[in-house]
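The values are calculated or read from the model by the stated rules, or taken from the named source; none is laboratory data. The shown structure was predicted, so the numbers you read here are calculated from the model rather than taken from an experiment. No Cβ is skipped: glycine too gets one built from the backbone with ideal geometry, and neighbour counts run over all protein chains shown. For accessibility, only protein heavy atoms count, side chains too; no ligands or nucleic acids. Shrake-Rupley method; radii C 1.70, N 1.55, O 1.52, S 1.80 Å.
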Amino acid sequence: MNTPRRPSPIETARSVCPESAGTVEAVAALEPGALQDSLDREGFAMTAPMVDANTCAQLAELYTAPEGTFRSTVTMAQHGFGSGEYKYFARPLPGLVDALRHAMYARLAPIANAWEKRLGSAADWPADHDSVAARCAAAGQTRPTPLLLRYGPGDYNCLHQDLYGEIHFPLQAILLLDRPGIDFDGGELILVEQRPRRQSRPIVLPLTPGAFAVIPVRERPDQGIRGPARVQVRHGVSKLNRGFRRTLGLIFHDAA
């Protein structure tokens, strides 16, 4: 029996959220080479704004959707993660979130394989996200990891890495849903690179509403004196001074 073909991310967007199909098409058209150039040079990549204000608002409003929309809610202060709250989506993911996850993964997979090759690891990340989900499931990682995060005045996120299990795709994407300087002040996205035999380097990312930031999950390659070196990377969010800041996080491996 033939396995039914899974709709493409663009087909999914057209069926569940027709007005957002253009967003998924724009993500699917991203040039991996340009993203990799920025990641290698700056340690991160920023896309142009791709998600309009109405769609950002719709994604942000999911935060108050019925509980069945989410598998878990995390109050960060209870775990020593910082201050604020985030929620992991349950399966099935909302249609637009699922379509964005599939479309973005397909553009990042070539970068992940190029990085693995430079670091002397197996460059075997598949071209489609369903195969990654199957690989995670075989390793006991079955819980979806896309999430919505919400910060209010005084909230922050400690430096961390989103690993979740033995299998972890090396890149993730973050979509800012609110407007800096209008909806909130503070709350900058911070990366810290721990470089071999050198002091750590902090990076403040210039987030723009509706644009994706692409960052390393755990490490990235950098050219050292003796060849490619592994630069360890953690990320966090500085204290929010005013308003509310919400983001969509697209992590491509599932959790144990």
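I want to confirm something. Restricting to the stretch 184-205 and keeping residues that are touching an Asp or Glu at 6+ places or on another chain (Cβ under 9 Å) and closer than 25 Å to Tyr105 by Cα, which single residue is surrounded by the fewest Cβ atoms within 10 Å (Cβ to Cβ)? Checked the stretch 184-205; the qualifying residue surrounded by the fewest Cβ atoms within 10 Å (Cβ to Cβ) is Val204.
For the stretch 131-164, give me each residue that is hydroxyl-bearing (Ser, Thr, Tyr) and either open to solvent by 30 Å² or more (accessible area, probe 1.4 Å) or in contact with a Lys or Arg (Cβ under 9 Å, 6 or more places away or on another chain) (or both). Once the filter is applied, which keeps residues that are hydroxyl-bearing (Ser, Thr, Tyr) and either open to solvent by 30 Å² or more (accessible area, probe 1.4 Å) or in contact with a Lys or Arg (Cβ under 9 Å, 6 or more places away or on another chain) (or both), the stretch 131-164 yields Ser131, Thr142, Tyr151, Tyr156, Tyr164.
The single condition among (1) farther than 17 Å from Arg150 by Cα; (2) of a type outside the set (Val, Ile, Thr); (3) open to solvent by less than 20 Å² (accessible area, probe 1.4 Å); (4) touching a Lys or Arg at 6+ places or on another chain (Cβ under 6 Å) that Pro228 does not meet is (3). Among the residues of the stretch 103-130, those identified as of a type outside the set (Val, Ile, Thr), open to solvent by less than 50 Å² (accessible area, probe 1.4 Å) and in a helix (DSSP H, G or I) are Ala103, Met104, Tyr105, Ala106, Leu108, Ala109, Ala112, Asn113, Ala114, Trp115, Glu116, His129.
Remark: pairs (first residue in the stretch 34-54, touching a residue at least 60 places away in the same chain (Cβ under 8 Å) and under 15 Å from Gln223 (Cα atoms); second residue charged (D, E, K, R) and open to solvent by 50 Å² or more (accessible area, probe 1.4 Å); Cβ separation under 9 Å; 6+ apart in sequence or on different chains) = Gly43/Arg201.
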